[in-house]
Every structure is written in structure tokens, then in C-alpha cells.
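Peer 1: Please read through the structure below; I'll follow up with questions.
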Amino acid sequence: MASGKGGVGKSTVAVNLALGLKKLGARVGLMDADVYGPSMPTMLGLVGQRPKVKDITGTVKMVPLEAHGIPVISIGNIIDPEQAVVLRGPRLAAIIKQFFNDVLWEPLDYMVVDLPPGTGDVQLTLVQTVPVTGVVLVTTPQEVALADAVKAMNMFLLPQINVPILGVVENMSWFTPAELPDNKYYLFGQGGGKKLAKASRSVLLGQIPIVQGIREGGDSGVPAVAQGGIVSEAFLEVAKNTIRQVAVRNEMLAPTTIVKMGG
Ligand SMILES: Nc1ncnc2c1ncn2[C@@H]1O[C@H](COP(=O)(O)OP(=O)(O)OP(=O)(O)O)[C@@H](O)[C@H]1O
Ligand SMILES: [Mg+2]
């Protein structure tokens, strides 16, 4: 889940996409790689919980926490937020690597990774740690958000990184009041998602309206997909389209390779 700009709804989309995929029958894991500002503990009602550790023939492994039936790992459940903000370079890279290598993930069909905003250390560490199947870009309809998302897109498409863009989720596409479910108010303009899909030669995976329940769900640990209703439908659509685009990607393109840098 990537975008250039902060606050566009990456984490919201990541959580609801993961739960949507699960609802469709897939085995899904969720990794909160936003080591600077982890939001999974709050969004999934896991604040204060600590993953258990297990000794597997001499090496210590972490057991992911579980929320709504999916395994989750977040720095927010491992170290205090005050410590996380000062993480830099190698230490940060080590944590991302541990999330893949030292966590007891059961066999999964999809691993959804929530990224911090921008094109920084975490993104680079990720592509150097695992072969990333593809990127879902999240944007809001405005030009400013779009410009930042294009930067994120360009980073993943660099020849030496070469991770395909699976598609675009346009979040906060319009506002729909709960009492007037058929009304749409385009607060942030229109067309950003479509433009980004075109620029990345991918597809629009879905549009998510601004609905109070999404924000409340994020704060209360009960994500939109788990609440039902139109928003749940919108996220399920995103999940279905993502499954399709992963299949198309795997049909059309060679597997991604781990990025080797500096030699
Ligand atoms: N479609 C929506 N309708 C209503 N509220 C939303 C919607 N999408 C996201 N929000 C709310 O907006 C805020 C920001 O969303 P979120 O944390 O998912 O963004 P983000 O891109 O992950 O931010 P950051 O860059 O800080 O990681 C949250 O409070 C979330 O609940
Ligand atoms: Mg986030």
C-alpha cells in the first residue's frame, strides 16, 4: 500500500483490503511497515498487546497477533512509539527484515504490507528483502495527492527496482451522508484515481467514499469491511479486482526479483 502523501488512507485501505481478501476466502497476512507511525494496533483493536515469542530449535521467532481472523504484525505492538520515531537506517532495515524472516507466518496467499508515506528507507528495504509482487497505489482525487502518488509510482517502476503497479485505489472519492446514501458530494474534485491508473498503465481497483463509519471504524478497531453496508461492498470490490490484477500480473510478467544494491 503505497502513496507519496500522508493521510490519504493507505492504512485504511490496507486493513480493509486484507479483510476483504480474507472474506473472499484467501489466506492473508497483514504487515504494518509504517515503523514511524504504526496505525494497525489502533485500527484493529490491538493496542497494548505483545506478540508471543517461540523458541524454534534455538532461534527465537515471533507469533503474529490476530485480528478479525488474520495474522498481523506491527512495530506498534513491539516497541514504544517514542522509541520508534528515532529508528534510522540499519536498525530500521533490520526490523523490516525480522518481520519477514523471524515471524512465524502460516502459509499465506497474500501478504498486505502497509507502507509509510513517501519513497524512503522502508520502501527500499522492503524491495531488498522480499520479491514484491506488486504495488497498490492509494490516492485521493486532488492534484496534490496525485503528484505525490506519481513519485511513489516512479520509484517502484525504476528499472533497478522494477516492481509492477497492480492498480490504484481512489480514497475519499466523494462524501455520502449516512442519511442520504444516494447523494455524492465531490469534496476533493474528481478524476485523480483514473489519472493515476492511466499514468501507471494500471487500473482503477475501486473508489472509496468518505463515510463517517470508516473513520470511526479505524479508531474503534472494527474496520469498515467488518461493519457491512456500502463501504464494505466498495472494499470487497477492491479486493476482487486486486485478486484479478495479481493473477494478470503473474500471467504477463516474470516474477519480481529481490533488489540488490550497492554491488
Ligand atoms: N474513506 C474514508 N472515509 C472517512 N474517513 C477516512 C477514509 N479513509 C481514511 N479515513 C480516515 O482518515 C484518517 C487517515 O487515514 P489513514 O490513517 O488510513 O491514512 P494513511 O495514508 O495511512 O496516513 P499516514 O500517511 O499517516 O500513514 C484516519 O483517521 C482514517 O480513519
Ligand atoms: Mg498509514
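Peer 1: Would you mind computing, in nm to one decimal, how far apart the modelled labels at VAL63 and GLN227 are, each placed 7 Å from Cα along Cα→Cβ?
Peer 2: Rounded to a tenth, the inter-label distance reads 3.2 nm.
Peer 1: Using DSSP to call loops (not H, G, I, E or B), can you name the trypsin sites (Lys or Arg not before Pro) in the stretch 188-263 whose Cβ has at most 13 other Cβ atoms within 10 angstrom? It would help to have the intermediate numbers written out before the result.
Peer 2: Details: sites: LYS194, LYS195, LYS198, ARG201, ARG215, LYS240, ARG244, ARG249, LYS260; in loops: ARG201, LYS260.
Answer by residue number: ARG201, LYS260.
Peer 1: Using helices alone, what [θ] at 222 nm do you get for the chain, with -39,500 (n - 2.57) per DSSP H run of 4 or more residues, divided over all residues and rounded to the nearest 500? Provide the component values of the computation, followed by the final result.
Peer 2: Details: 10 runs with 104 residues, N = 263.
Mean residue ellipticity, 222 nm, calculated: -12000 deg cm²/dmol.
Peer 1: Just going by the charge dipole of the stretch 10-252, with Lys and Arg at +1 and Asp and Glu at -1 on Cβ, which of ILE70, LEU180, TRP105 is farthest out on the positive end?
Peer 2: My answer, from the dipole projection, is TRP105.
Peer 1: Still on this model: So if we plug the beta-carbon distance of LYS54 and ASP219 into 1/(1 + (r/R0)^6) with R0 = 41 Å, what FRET efficiency do we get, rounded to 0.05? Could the numbers behind the result be given before it?
Peer 2: Details: r = 32 Å, r/R0 = 0.78.
That gives a FRET efficiency of 0.80.
Peer 1: Please tell me which of these pairs span more than 18 angstrom C-alpha to C-alpha: LYS10/LYS151; LYS151/LYS198; LYS10/LYS97? The partial results should precede the final answer.
Peer 2: On the way: LYS10/LYS151 15 Å; LYS151/LYS198 14 Å; LYS10/LYS97 21 Å.
Cα-Cα > 18 Å for LYS10/LYS97; rest within.
Peer 1: A follow-up question, please. Could you check the spin-label model distance between LEU124 and LEU104? Points 7 Å from the Cα along Cα→Cβ, value in nm.
Peer 2: Roughly 3.5 nm, to one decimal.
Peer 1: Right, here's the next one. Under the classification rounded if a/c is under 1.5, otherwise prolate if a/b is larger than b/c and oblate if not, where does the stretch 36-92 fall, given a ≥ b ≥ c as square roots of the Cα gyration tensor eigenvalues? Spell out each step's value before the answer.
Peer 2: Numbers: a/c = 2.34, a/b = 1.09, b/c = 2.15.
Oblate shape, in that a/c is at least 1.5 and b/c is the bigger or equal ratio.
Peer 1: What shape does the stretch 38-168 have by the C-alpha gyration tensor, where a ≥ b ≥ c are the square roots of the eigenvalues, rounded means a/c under 1.5, and otherwise prolate means a/b greater than b/c and oblate the rest? List each step's numbers first, then the result.
Peer 2: Details: a/c = 1.75, a/b = 1.57, b/c = 1.11.
Prolate, because a/c is 1.5 or more and a/b exceeds b/c.
Peer 1: In square angstrom, rounded to the nearest 10, how much accessible surface does ARG27 have for a 1.4 Å probe?
Peer 2: 120 Å²
Peer 1: Ignoring everything but the protein chains, give the 1.4 Å probe accessible area of GLU251 in square angstrom, nearest 10.
Peer 2: Probe radius 1.4 Å; accessible area of GLU251 about 150 Å².
Peer 1: Can you list the aspartates and glutamates whose alpha carbon is less than 20 Å from that of LYS52, not counting same-chain residues fewer than 8 positions off?
Peer 2: Cross-link targets: ASP32, GLU66, ASP80, ASP102, GLU106.
Peer 1: Of all the accessible heavy-atom surface of the chain, with the other protein chains kept in place and a 1.4 Å probe, what percent is carbon and sulfur?
Peer 2: Numbers: 6920 of 12490 Å².
Solvent-exposed carbon and sulfur of the chain make up 55 percent of the total.
Peer 1: Averaged per residue, what accessible surface does the stretch 194-263 expose to a 1.4 Å probe, in Å²? Please list the in-between numbers first.
Peer 2: Numbers: 4120 Å² over 70 residues.
With the other protein chains kept in place, the stretch 194-263 gives 59 Å² per residue.
Peer 1: Another question about this same structure. Could you check the spin-label model distance between GLU179 and MET252? Points 7 Å from the Cα along Cα→Cβ, value in nm.
Peer 2: 4.6 nm
The values are calculated or read from the model by the stated rules, or taken from the named source; none is laboratory data. What you see is a predicted model, and the numbers here were worked out from it, not measured in a lab. Positions of Cβ are backbone-derived with ideal geometry, glycine not excepted, and every protein chain shown enters the neighbour counts. Heavy atoms of the whole protein, side chains included, go into the accessibility calculation; ligands, DNA and RNA do not. Shrake-Rupley method; radii C 1.70, N 1.55, O 1.52, S 1.80 Å.
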